[in-house]
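**Q** My questions all concern the structure below.
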Amino acid sequence: MLNWLRRDPIKRLQRQYERKLEQAMQAARNGDMRANATLTEEAEAMRAAIERHKAGPGKG
């Protein structure tokens, strides 16, 4: 009944993903390649979660 009040989990994950990529870019600009690699890996895990959510239940 109140589904329109619920926040979209895909949008939330997308924002977190973009923030993580931004942090990785800043780490690379500062010369911290280890942090860049870690943050990029975390971002890719988030991207995989986004893809699983988009696929829907039982499809992935």
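**Q** Give the number of residues within region 38-60 that are exposed (fewer than 13 other Cβ atoms within 10 Å of the Cβ) and aliphatic (A, V, I, L, M).
**A** 3
**Q** Inside region 5-60, can you point out the residues that are basic (K, R) and in a helix (DSSP H, G or I)?
**A** K11, R12, R15, R19, K20, R29, R34, R47, R52, K54
**Q** All but one of (1) among the charged types (D, E, K, R); (2) surrounded by 15 or more Cβ atoms within 10 Å (Cβ to Cβ); (3) in contact (Cβ under 8 Å) with a residue 40 or more places away in the chain hold for K20; state the number of the condition that does not hold.
**A** (3) is the only condition that K20 fails.
Bear in mind that the values in this text are calculations on the coordinates, not laboratory data. Because the structure is predicted, anything quoted here is derived from the model rather than measured. When we count neighbours, we look across all protein chains shown, and the Cβ atoms used for this are built from the backbone with ideal geometry, even at glycine.
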